[in-house]
Every structure is written in structure tokens, then in C-alpha cells.
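Participant: The following block contains the structure, expressed as C-alpha cells.
The values are calculated or read from the model by the stated rules, or taken from the named source; none is laboratory data. Quantities reported herein were computed from a predicted structural model and do not represent experimental measurements. Every residue, glycine among them, receives a Cβ derived from its backbone with ideal geometry; neighbour counts consider all protein chains shown.
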Ligand code: NDP
């Protein structure tokens, strides 16, 4: 079997253009343009690139973006003061504090200080709590799992009663992913570093979400034929043929899994572009919510 390729780049483009249309309409009808504020602490190269790409995506969708770049030695109190200032700024609809934060800062304190109505990353404990509860909806869904759900929707994957296996249980990917799949009526198993026999779980999975951060850990022989495979992982693999000496690969061994799966996301070009597209979508939703309350 040769799997269908789930083109995250194309789907993300579709999401971003839908947002651009809605933003233009908002400008016309309400004379209002949504605004996203990013907070980047320190000069981590990957974080700097992620934040730059987020600003670019906002710009393309017609969303105003404001970047706060802060030295790595900022105190927790001073960072809190910046978050509160952005909470009070009526031109800011969404606040994104880029993770990871320096070790001396408690990210739970910082993320918990973001105004719930501006928590476009969806990491506020109340948002996560609502996601976990039956019959409740979070104000925002964390961008990467939200993007994975959109990919499944675009591929018409029927989650009702499906066996879904999520590899990884982090607060930003694995945990909310499992909760979203459960809300969509899948039967969910979450595997982690202490799981005794991951392959036994994978073998029965109709849908696999891999978010562990281990290069090409999932191979084709572990999958149920026809499974839908969403690869969240972004790992560097040595590749002397590349100028930079490495290439990006996922948590899934693409070639062997594409032989067995029904559909699969590539890395790059799968989940990555969706994360940014859903941030732009969440910022629009924040502005829409604000306007509906005024
Ligand atoms: P974390 O390191 O926070 O979490 C990794 C998870 O994998 C943990 O729950 C861990 O278990 C589990 N794990 C580790 N080893 C194994 C193993 N051998 N078998 C099964 N589970 C294991 O990572 P993140 O969730 O932040 O990110 C995961 C990957 O996704 C990374 O490659 C990251 O770069 C990528 N990513 C991609 C994004 C995108 O936009 N495409 C966005 C965010 C992340 P335990 O809890 O027991 O330690």
C-alpha cells in the first residue's frame, strides 16, 4: 500500500486564506484589525525562527503583530509585568509567550497570568481544564493539536469509535491531543516513556499521533495497515549532503510507514505549517469574541 500524503502546507495555506478573508470582513464591518503580541525571551535560534514565522503569517492574514524581545536575564516579576501590560492593552487580542522560557522562570506562573480571553496558545490551565471536561469547551485549543485535528478533518477521517494512539503526553501536544480525540469520540490510548509495549497499542490504532521527539521511532512494521499517521516530531538527522549538515525528520520513519499507512504527514510540510495557521485562526477567534461582547 502506498499512503496518501497529507499536505499540511496546502491545508495551512487554506486556513490562512480563510482567516485573511474574515479579517478583511472584520475591518470593513467593524473598522477593527485583530492584533497578536509575541513575547520572546532570550535569543534561542529555533524560538527566534518560530516567532519570525508567526509574525509573517499574521502579516499575510492582515493581522497586526507586535513583537516584544526581552533579554534572557529578565526577572520573573518583570516578565509578569509585561504580560499584564499586554493583558491591559485593548489593541492586543492574543498573547503568545514563546516556550521554552529560561530555567529561572516558572512557565506555569507566566502562562497562568495571561488573560484567558487572550490565551491564543491555549496553554492556560483553565483552557486545558475545560478541554478535559465533558460538556465544556475551552476558549482556545492549543495550536499544534488543533492543527492535527484540522488535518484529520480535511482528510475526512472518521474518528467516531476509532482507535487512536497518541505517543507522548506533554502539556503542549500529547495531552491536549488525547483530550481532543476523545471529545471527537475516538477511543484513546496515550503512550509515554513508561509504556510497557508501545507496539501492541500501535498495532490496533486506526489513527496514530506521534509526538515524542525521537528520530524516526515509529516504523512501518509497528502499524496497522491503513492507519492514518500524523507525525508531530521535528528532529535533526545528520545528513552530510546538506549544507547545514542535517535535515529535519519526524518521529515516524516516513518511507517504511508510507508503505503500510493509509495516509501520512511528511516532515517538514505536515504538522509544522498547521501550528502557525491555527495560531492565526485563534487570534481571529479572540478578536471575534471580543467584538461579540462589546
Ligand atoms: P516533550 O519532550 O515535552 O514530550 C515528549 C513525550 O514523549 C513525553 O510525554 C515522553 O514521555 C514521551 N516519550 C519519550 N520517550 C518515549 C518513548 N521511548 N516511547 C514513548 N513515549 C516517549 O516533547 P513535545 O511534546 O514538546 O514535542 C514532541 C515532538 O514534537 C518534538 O519533536 C517537538 O520538536 C515536536 N513539536 C512539533 C511542533 C510542530 O509544530 N510540528 C510543535 C511542538 C512540538 P514521559 O512523559 O514519560 O517523559
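Participant: What residue, of 237, 242, is more than 10 Å from the ligand (Cβ to nearest atom) and outside any strand (DSSP E or B)? Before you say what the answer is, go through the steps one by one.
Facilitator: Numbers: 237 fails: outside any strand (DSSP E or B).
Unique residue meeting the criteria: 242.
Participant: Could you list, in sequence order, all residues of the stretch 245-260 that are within 15 Å of residue 199 (Cα to Cα) and within 10 Å of the ligand (Cβ to nearest atom)?
Facilitator: The answer is 251, and nothing else.
Participant: Looking at 280, 267 in this structure, which one is surrounded by 22 or more Cβ atoms within 10 Å (Cβ to Cβ) and assigned to a loop (DSSP other than H, G, I, E, B)?
Facilitator: Working: 280 fails: assigned to a loop (DSSP other than H, G, I, E, B).
Selected residue: 267, the only one of 280, 267 that is surrounded by 22 or more Cβ atoms within 10 Å (Cβ to Cβ) and assigned to a loop (DSSP other than H, G, I, E, B).
Participant: Is there a residue in the stretch 31-46 that is at positive phi, exposed (fewer than 15 other Cβ atoms within 10 Å of the Cβ) and either assigned to a loop (DSSP other than H, G, I, E, B) or over 21 Å from the mean Cα position of the chain (by Cα) (or both)? Walk me through it before giving the result.
Facilitator: Initial filter on the stretch 31-46 (at positive phi): 31, 42.
If we keep only those that are exposed (fewer than 15 other Cβ atoms within 10 Å of the Cβ) as well, we get 31.
Next, from what is left, pick out any that are either assigned to a loop (DSSP other than H, G, I, E, B) or over 21 Å from the mean Cα position of the chain (by Cα) (or both): 31.
Checked the stretch 31-46: at least one residue is at positive phi, exposed (fewer than 15 other Cβ atoms within 10 Å of the Cβ) and either assigned to a loop (DSSP other than H, G, I, E, B) or over 21 Å from the mean Cα position of the chain (by Cα) (or both).
Participant: Quick one: which residue in 200, 154 is touching a residue at least 24 places away in the same chain (Cβ under 8 Å), away from the ligand (no atom under 12 Å from the Cβ), outside the structural domain of residue 100 (by TED's automatic domain parsing) and surrounded by fewer than 22 Cβ atoms within 10 Å (Cβ to Cβ)? Give the derivation first.
Facilitator: Numbers: 200 fails: touching a residue at least 24 places away in the same chain (Cβ under 8 Å).
Being touching a residue at least 24 places away in the same chain (Cβ under 8 Å), away from the ligand (no atom under 12 Å from the Cβ), outside the structural domain of residue 100 (by TED's automatic domain parsing) and surrounded by fewer than 22 Cβ atoms within 10 Å (Cβ to Cβ) holds for just one of 200, 154, which is 154.
Listed here are the residues, each with its yes/no results for (1) away from the ligand (no atom under 15 Å from the Cβ); (2) more than 29 Å from residue 54 (Cβ to Cβ).
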site	(1), (2)
124	yes, no
136	yes, no
147	no, no
160	yes, yes
179	no, no
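Participant: Can you name every residue in the stretch 203-233 that is in a loop (DSSP other than H, G, I, E, B) and more than 10 Å from the ligand (Cβ to nearest atom)? Write out each step before concluding.
Facilitator: Initially, the stretch 203-233 is screened for residues in a loop (DSSP other than H, G, I, E, B), giving 203-206, 211-217, 219, 223-227, 232-233.
Within the stretch 203-233, 203, 204, 205, 206, 216, 219, 223, 224, 225, 226, 227 meet the criteria.
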